[in-house]
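Asker: My structure is below; once you've seen it, I'll send some questions.
All of the numbers you see were taken from the coordinates with simple rules; none came from a lab. The structure displayed is predicted, hence computed values, not measured ones. Methodologically, a virtual Cβ is constructed for each residue, glycine included, from the backbone with ideal geometry; neighbour enumeration extends over all protein chains shown.
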Amino acid sequence: MPFRSAVSNAATTGTQALAVDKPAGLAEGDFLVVFLSASGSGSTFITPSGWTNLDPQRTNGGLHAAWYWKIATAADATGSGWTFASTEEWTAIKALTVAYSSIDPTPIDASAFIAGSTATGVVSLTGIDAASGAFVLAACAINAGPADTIDTGTPPSGFTHRISILQDTNADSALFDDGPVAGGATGDADVTTEGSTHNFVGGVISILPAAGGTGSPYYYMVM
């Protein structure tokens, strides 16, 4: 798995923009993915210059999320980070940012995104058909309270927990990865939560290794 590093950023008072730090050791050519989640209503994320929106903003019960990716430039590698903004203020906004090395410059293999609710303590992120050697990422966000959080100590089967923001009264989010995968249907990525009833938004993506590299899939899920 060519995981390089991960970083989280959050603002939990009314804000319209979030400063997102670069992951440690970021190098030119690295693959970057940001899982952005927010609590509130009436606002829309704005895609920063140079980034690609992987999935339109999804909304469920005052919980919002969107995914962005880019290949790091020389300026990204030497800079401090980026600003992700929105059209109006959020109650809270959070970003999970992960960097991977040795990824194809046209990286996205497959993806599936979901918004829903659960009363079972398990958030099931829809599986995908991933290429052989791909890396799979799963990420999700849930609405949270004092007794509600994502159980990062019990990641989806085969996945590794990479980064999270937990036990926040507005929302929790977490990201996991897996790989390389053998290829074909991955099955759902089941995220365990403490507390049973949640609205959630999340998804799974797979990325391709660079030509000649060692493949490794990942699921990205953010809550």
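Asker: Which order do peptides 22-32, 111-121, 175-185 fall in by mean Cβ count within 10 Å, highest first?
Answerer: Answer by packing, highest mean first, reads 175-185, 22-32, 111-121.
Asker: Report the relative contact order of the chain, percent, no decimals, based on alpha-carbon pairs under 8 angstrom and at least 6 residues apart.
Answerer: 26 percent
Asker: Using only helices, what value at 222 nm comes out for the chain when you add -39,500 (n - 2.57) per DSSP H run of length 4 or more and divide by the total residues, to the nearest 500 deg cm²/dmol?
Answerer: Roughly -500 deg cm²/dmol at 222 nm, from the helical runs in the chain.
Asker: What length, rounded to one decimal in nm, is gained on full extension from THR106 through to ALA19, with 0.36 nm per residue of separation minus their alpha-carbon distance?
Answerer: 28.7 nm
Asker: Report the extension gain between ALA185 and ALA74 in nm, rounded to one decimal, defined as 0.36 nm multiplied by the number of residues separating them, less their alpha carbon distance.
Answerer: Fully extending the segment from ALA185 to ALA74 adds 36.4 nm.
Asker: Oh, and also: With charges only on Cβ, +1 for K and R and -1 for D and E, what is the dipole size of the stretch 3-222 about its Cα centre, in debye, rounded to 20?
Answerer: 240 debye
Asker: Quick check: Cα centre of the stretch 40-67 to Cα centre of the stretch 120-199, how many Å?
Answerer: Spelled out, the Cα-based centre of one part sits 19 Å from the other.
Asker: How high is the relative contact order of the stretch 106-184, given as a whole-number percent (alpha carbon pairs under 8 Å, six or more residues apart)?
Answerer: 35 percent.
Asker: Could you give the Stokes-Einstein D for the stretch 3-222 in µm² per second, using the C-alpha Kirkwood radius, 4 °C, 1.567 mPa s?
Answerer: 77 µm²/s
Asker: Sticking with this one: Can you divide the C-alpha Rg of the stretch 68-110 by 2.2 N^0.38 Å and report the result to two decimal places?
Answerer: Computed over Cα atoms of the stretch 68-110, the ratio equals 1.47.
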